[in-house]
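**Student:** Right, I'll just put the structure down here and ask away after.
Each reported figure results from applying straightforward, stated rules to the coordinates on display, with no laboratory input. Predicted model only: the values in this text are computed from it and were never measured. Backbone-built Cβ (ideal geometry, glycine too); neighbour counts: all protein chains shown.
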Amino acid sequence: MVEGINNCWPTPIYKTTLGPDECSLMVIGNVMPVIEKTFDLFFKEVYNKSLNDYIHKFKHWKHIGLKELHNHQGASFSAVFYPEVSDTMEGGEIIIKDPRGNANRGYDHDEFQVQFDDIKFKPKGGDVLIMPSFLYHQVIPTTDNRIAIPVDLYIMDI
Ligand SMILES: [Fe+2]
């Protein structure tokens, strides 16, 4: 039962930071131990579960980030690992959109717009974001050094 003020329908966008050893492993391409450990931490902190409570598979690759708005259809949770980012990077932010479509219709006054604001995140070296794969997002282009490793987690039916 809803009573008083409730912030309903939360969408978990989880941020953590890797240690230097984990960043080095990812840069040389030994990514799976870090990916599994980080997703396990995510499930423990957000859902009080562990990664191995689910039959799952991962897909990951290296790319610079799509500037077009997109989501990761078919996956359950999507992460971006940033093992190396220039301290002086210009651009490179990820923009995450409110998933509620046209929910802002009818709220013409500025004070309500905070309910629909984009989330804009500028990564630092070692940062990791994990979010539900249905969230639409895009990346501001950068020509500065930034290694981003997107990872999709597929939770399978039993
Ligand atoms: Fe993406």
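**Student:** Specify which residue in the list VAL2, MET89, ILE35 is farthest towards the positive end of the charge dipole of the chain, using unit charges on the beta carbon of Lys, Arg (+1) and Asp, Glu (-1), about the Cα centre.
**Tutor:** The residue sitting most towards the positive pole is ILE35.
**Student:** Another question, if that's okay. Convert 37 °C to kelvin, take the viscosity as 0.692 mPa s, use the Kirkwood radius over C-alpha pairs of segment 15-155 as Rh, and evaluate the Stokes-Einstein diffusion coefficient in µm²/s, rounded to a whole number.
**Tutor:** 204
**Student:** What ranking, highest mean first, results for peptides 107-117, 124-134, 81-91, 51-61 when packing means the other Cβ atoms within 10 Å averaged over each residue?
**Tutor:** For the peptides 107-117, 124-134, 81-91, 51-61, the packing ranking is 124-134, 81-91, 51-61, 107-117.
**Student:** Given springs between every Cα pair under 10 Å in a Gaussian network model of the chain, which of ASN145, ASN30, ASN48 has the largest fluctuation?
**Tutor:** The residue with the greatest mean-square fluctuation here is ASN48.
**Student:** Just how many % of Cα pairs in segment 1-80 lie over 14 Å apart, if you round to the nearest whole percent?
**Tutor:** Counting every Cα pair in segment 1-80, those more than 14 Å apart make up 73 percent.
**Student:** Just tell me which lysines come within less than 28 Å, Cα to Cα, of LYS67; anything on the same chain fewer than 8 places away is out.
**Tutor:** The qualifying lysines are LYS15, LYS57, LYS59, LYS97, LYS120, LYS122, LYS124.
**Student:** Below 13 Å, Cα to Cα, which aspartates and glutamates can LYS49 reach? Residues fewer than 8 away in the same chain don't count.
**Tutor:** Reachable aspartates and glutamates: ASP40.
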